[in-house]
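Remarks on the structure that follows.
The values are calculated or read from the model by the stated rules, or taken from the named source; none is laboratory data. What you are looking at is a predicted structure, and each value in this text was computed from that prediction instead of being measured. Cβ: placed from backbone, ideal geometry, glycine included. Neighbour counts: every protein chain shown. Heavy atoms of the whole protein, side chains included, go into the accessibility calculation; ligands, DNA and RNA do not. Shrake-Rupley method; radii C 1.70, N 1.55, O 1.52, S 1.80 Å.
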Amino acid sequence: MKEIIFATKNKGKIKEIQAILGNDYTVKSIEEIGLNIDILEDGKTFEENAIKKATEIMKITNKTVLADDSGLQIDYLNGEPGVYSARYMGEDTPYEIKNAKILELLKDIEEEKRTARFVSVIALAIPNKEPITTIGTIEGIIGYEMKGENGFGYDPIFYIPYLEKTSAQLSLEEKNKISHRGKALEQMKKILKEMM
Ligand code: IMP
């Protein structure tokens with residue numbers, strides 16, 4: 001079994017990623033390998049942050065490392081929270097509060113102007129090689145209320161019109177098939193097959 005370190009502390013993400021990469025790989029979080037470091041996500045783009053995270057952990061561990069940077073871009077809010085999605089209104093603020101704030105900011109805004117997308121960039125860092133990135137997106141709209149219990153983060157307010165569901169109403173399998181991270185990881189899976 002090939003071991004890959006995923007540069008995240010988010011257990012929800014590790015679960016999604018292990019499900020997509022399948023049994024050929026064991027995905028371990030940085031905590032599981034006994035590392036306790038926070039990498040400052042100070043890039044202006046998802047790409048910069050993902051490459052920075054993967055490369056820094058690869059240099060410390062000398063192992064193959066994947067990292068992602070992702071977020072929600074809301075067109076009506078000029079692309080916010082974007083790369084600041086995790087830190088929006090403070091990192092420790094519960095998502096019920098963040099989501100309620102966004103619903104309030106978009107109150108009474110008609111559907112056509114509520115367009116949004118999740119974006120995920122995955123970076124692969126292998127010792128002595130140049131980093132490689134893949135990108136995935138999923139288009140949707142900001143709903144009028146929170147719905148669903150699955151997923152995490154902004155899932156309850158991200159409504160996918162063609163499914164008539166929020167991404168928090170999807171099972172993990174359903175979400176992985178269509179999500180930003182799912183799409184970016186499917187591409188990365190092909191690259192991993194060639195590289196590892
Ligand atoms: P990251 O961990 O720096 O990539 O921050 C990503 C942030 O974007 C998360 O903390 C969530 O706020 C948001 N986000 C990214 N992907 C998703 C998703 O699939 N569902 C809900 N929120 C997400």
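See the values below:
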quantity	calculated
Residue in segment 114-122 that is more than 15 Å from the ligand (Cβ to nearest atom), touching a Phe, Trp or Tyr at 6+ places or on another chain (Cβ under 6 Å) and not aliphatic (A, V, I, L, M) present	no
The one condition in (1) open to solvent by less than 20 Å² (accessible area, probe 1.4 Å); (2) of a type in the set (A, V, I, L, M, F, W, C); (3) within 16 Å of the ligand (Cβ to nearest atom) that residue 192 fails to fulfil	(3)
Test set (1) in contact (Cβ under 8 Å) with a residue 40 or more places away in the chain; (2) within 12 Å of the ligand (Cβ to nearest atom); (3) buried (at least 18 other Cβ atoms within 10 Å of the Cβ) - residue 25 fails condition number	(2)
Flag if residue 150 is surrounded by fewer than 13 Cβ atoms within 10 Å (Cβ to Cβ) and over 23 Å from residue 75 (Cα atoms)	no
Residue check, residue 37 among the aliphatic types (A, V, I, L, M), outside any helix (DSSP H, G or I) and free of Cβ contacts under 8 Å to residues at least 60 places away in the same chain	yes
Number of the condition not met by residue 68 [criteria: (1) part of a helix (DSSP H, G or I); (2) modelled with pLDDT under 95]	(1)
Candidates 48, 41 - the one that is under 18 Å from the mean Cα position of the chain (by Cα), within 14 Å of the ligand (Cβ to nearest atom), at pLDDT below 95 and of a type in the set (D, E, K, R)	41
Verdict on residue 74 being within 12 Å of the ligand (Cβ to nearest atom) and in contact with a strand residue (DSSP E or B) (Cβ under 9 Å, 6 or more places away or on another chain)	yes
Residue check, residue 51 farther than 19 Å from residue 123 by Cα, open to solvent by 30 Å² or more (accessible area, probe 1.4 Å) and in a helix (DSSP H, G or I)	no
Looking only at segment 54-99, and only at residues there that are of a type in the set (Phe, Trp, Tyr) and touching a residue at least 12 places away in the same chain (Cβ under 8 Å), the one that is surrounded by the fewest Cβ atoms within 10 Å (Cβ to Cβ)	84
